[in-house]
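Trainee: Sharing a structure, written as structure tokens. Questions coming.
The values are calculated or read from the model by the stated rules, or taken from the named source; none is laboratory data. Not measured: the values here are computed from a predicted model. Here the Cβ positions follow ideal geometry from the backbone for every residue, glycine too, while neighbour counts run over all protein chains shown. Accessible surface areas use protein heavy atoms only, side chains included; no ligands, DNA or RNA. Shrake-Rupley method; radii C 1.70, N 1.55, O 1.52, S 1.80 Å.
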Amino acid sequence: MANFYCEYCGSKASTITDLTASSCHRHPSGAGKGKHKLYEGSEKSKYSCKYCGTSASTISNLVASSCHRHPNGSNKGKHPVAL
Ligand SMILES: [Zn+2]
Ligand SMILES: [Zn+2]
């Protein structure tokens, strides 16, 4: 059974259709301003931040905290998950 995750917030759905049908509370344009975006990496036991390498056991835990190496400035954004 496959799970699909949102790259921005880590929400999980059993189909891509379900995932991308609902709005994302961590969308980069603002909470609820867009739909969940499919995370195209494979399911892992540990997810890492693209910029600083911080890792967490779930995407939602990773993207919940601020990134000190974010390109917009230190702690100006959340850790984005690497593929
Ligand atoms: Zn989302
Ligand atoms: Zn980071």
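Trainee: Which one of S66, S60 is open to solvent by less than 80 Å² (accessible area, probe 1.4 Å), touching a strand residue (DSSP E or B) at 6+ places or on another chain (Cβ under 8 Å) and within 16 Å of ligand 2 (Cβ to nearest atom)?
Mentor: Result: S66 is the single residue among S66, S60 that is open to solvent by less than 80 Å² (accessible area, probe 1.4 Å), touching a strand residue (DSSP E or B) at 6+ places or on another chain (Cβ under 8 Å) and within 16 Å of ligand 2 (Cβ to nearest atom).
Trainee: Just the residues that are part of a helix (DSSP H, G or I) and either away from ligand 1 (no atom under 16 Å from the Cβ) or among the aromatic types (F, W, Y) (or both), please, taken from the range 41-76.
Mentor: Taking the range 41-76 as the starting set, the residues that turn out to be part of a helix (DSSP H, G or I) are 59-63.
Hits for the range 41-76: nothing passes.
Trainee: Say whether the condition of being touching a Phe, Trp or Tyr at 6+ places or on another chain (Cβ under 6 Å) and in contact (Cβ under 8 Å) with a residue 60 or more places away in the chain is met by at least one residue in the range 62-82.
Mentor: Within the range 62-82 (the criterion being touching a Phe, Trp or Tyr at 6+ places or on another chain (Cβ under 6 Å) and in contact (Cβ under 8 Å) with a residue 60 or more places away in the chain), the answer is yes, since at least one residue qualifies.
Trainee: Turning to a different aspect of this structure: Out of the residues in the range 11-26 that are surrounded by 13 or more Cβ atoms within 10 Å (Cβ to Cβ) and without any contact (Cβ under 8 Å) to a residue 24 or more places away in the chain, which is farthest from A64 (Cα to Cα)?
Mentor: D18
Trainee: Here's another thing I want to ask about it. Just for the range 1-12: of the residues that are away from ligand 2 (no atom under 16 Å from the Cβ) and out of contact with any Ser or Thr (no Cβ under 8 Å at 6 or more places or on another chain), which one is farthest from V81 (Cα to Cα)?
Mentor: K12
Trainee: Kindly establish whether K35 is of a type outside the set (A, V, I, L, M) and free of Cβ contacts under 8 Å to residues at least 12 places away in the same chain.
Mentor: When the stated conditions are applied, K35 does not pass them.
Trainee: Right, here's the next one. If you go through the range 27-55, how many residues are open to solvent by less than 40 Å² (accessible area, probe 1.4 Å) and out of contact with any Cys (no Cβ under 9 Å at 6 or more places or on another chain)?
Mentor: Residues flagged as open to solvent by less than 40 Å² (accessible area, probe 1.4 Å) and out of contact with any Cys (no Cβ under 9 Å at 6 or more places or on another chain) within the range 27-55 amount to 3.
Trainee: Still on this structure, I have one more. Filter the range 38-55 down to the residues that are of a type in the set (A, V, I, L, M) and without any contact (Cβ under 8 Å) to a residue 12 or more places away in the chain and list them by number.
Mentor: Hits for the range 38-55: nothing passes.
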